[in-house]
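Here the structure is laid out as structure tokens; the discussion comes afterwards.
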Amino acid sequence: MKRLLCAVLAGFMTLSLAACGSSDTATETEDAEEGSETVYIIGTDTTFAPFEFQDESGNQVGIDMDLLAAIAEDQGFEYEVNVLGFDAAVQALESRQVDGVIAGMSITDERKESFDFSEPYFDSGVIMGVAADSDIAGYEDLEGQKVAVKQGTEGSSFAESIAEEYGFEMVTFTDSSMMYEDVIAGNSVACFEDYPVLGYAINQGLALKTVTEKEQGSSYGFAVPKDENAELLEMFNAGLANIQANGTYDEILATYILAE
């Protein structure tokens with residue numbers, strides 16, 4: 001009876017230890033015959049066309065999505081996209097709930113303190129948009145007015161840098177489409193947005209127009225947590241270099257309408 005009791009207790013302890021094993025952010029699918037394969041979890045924005053947005057069938061598409069797919073195919077790694085919204089994606093990366101983020105994310109010195117970035121995959125810039133029938137012609141016309149920005153973006157940072165000089169109030173949104181609608185509705189007189197994003201939206205029929213020259217901006221990069229996922233970052237850089245060399249990169253950009 002004692003030997004039987006000991007065997008039962010030993011079995012229970014073995015099961016308990018197995019159940020308490022730790023797991024990483026990346027999903028590991030193990031098979032006794034085929035080994036294990038890592039599936040990286042990649043966070044992205046909800047609406048940031050032409051970089052990421054939903055098509056008519058509800059699929060997440062865009063430049064970032066196409067680049068990620070091409071790079072993953074070139075390097076042979078598996079991934080799943082987690083559509084979170086920009087702020088939520090950045091927060092998920094900070095808390096290690098995702099392995100990487102691709103979301104038209106500008107490479108800045110401040111972000112480099114928390115994240116490691118890939119080589120730049122797109123050079124952007126900020127431009128001001130106003131309603132299609134607006135008389136606003138430049139920054140000087142913004143005094144005493146409200147200006148819409150998207151939280152956490154380079155457009156928001158640029159607007160903040162000139163707000164005091166030109167005397168306008170900032171209204172912050174978490175989604176580009178909400179920001180655009182605020183300007184179209186007349187609640188704000190202008191918005192600041194990355195030029196390819198606003199240019200694409202206008203070319204798709206958005207009732208806005210651009211009235212300023214593009215301000216020099218930062219480059220976009222793929223981000224991973226600081227000092228983590230070095231292998232994923234290396235594969236992204238290697239894949240990016242390969243698709244730039246073989247023409248796939250240019251083909252992806254040509255699929256979408258970019259306007260300076």
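Of note:
- Residue pairs meeting the criteria (Cβ under 8 Å; at least 6 apart or on separate chains; first without any contact (Cβ under 8 Å) to a residue 60 or more places away in the chain, in region 117-136; second of a type outside the set (A, V, I, L, M)): Asp135/Asp141
- Only one of Gly125, Gly155, Gly144 that is of a type outside the set (D, E, K, R), at pLDDT below 95 and out of contact with any Ser or Thr (no Cβ under 9 Å at 6 or more places or on another chain): Gly155
- Residues in region 82-100 that are of a type in the set (Val, Ile, Thr), touching a Ser or Thr at 6+ places or on another chain (Cβ under 7 Å) and open to solvent by less than 60 Å² (accessible area, probe 1.4 Å): Val98 alone.
- Residue pairs meeting the criteria (Cβ under 6 Å; at least 6 apart or on separate chains; first without any contact (Cβ under 8 Å) to a residue 40 or more places away in the chain, in region 147-171; second crowded, with 21+ Cβ neighbours inside 10 Å and part of a helix (DSSP H, G or I)): Tyr166/Leu142; Phe168/Leu142; Met170/Ala159
- Within region 111-136, tally of residues that are of a type outside the set (D, E, K, R), in a loop (DSSP other than H, G, I, E, B) and either within 22 Å of Gln91 (Cβ to Cβ) or open to solvent by 70 Å² or more (accessible area, probe 1.4 Å) (or both): 2
- Of the numbered criteria (1) open to solvent by 70 Å² or more (accessible area, probe 1.4 Å); (2) modelled with pLDDT of 95 or more, the one Glu37 fails is (2).
The values are calculated or read from the model by the stated rules, or taken from the named source; none is laboratory data. Note that this is a predicted model, so its numbers are computed, not measured. Virtual Cβ from ideal backbone geometry, glycine too; neighbours counted across all protein chains shown. These area figures cover heavy atoms from the full protein model, side chains too; ligands, DNA and RNA do not enter into them. Shrake-Rupley method; radii C 1.70, N 1.55, O 1.52, S 1.80 Å.
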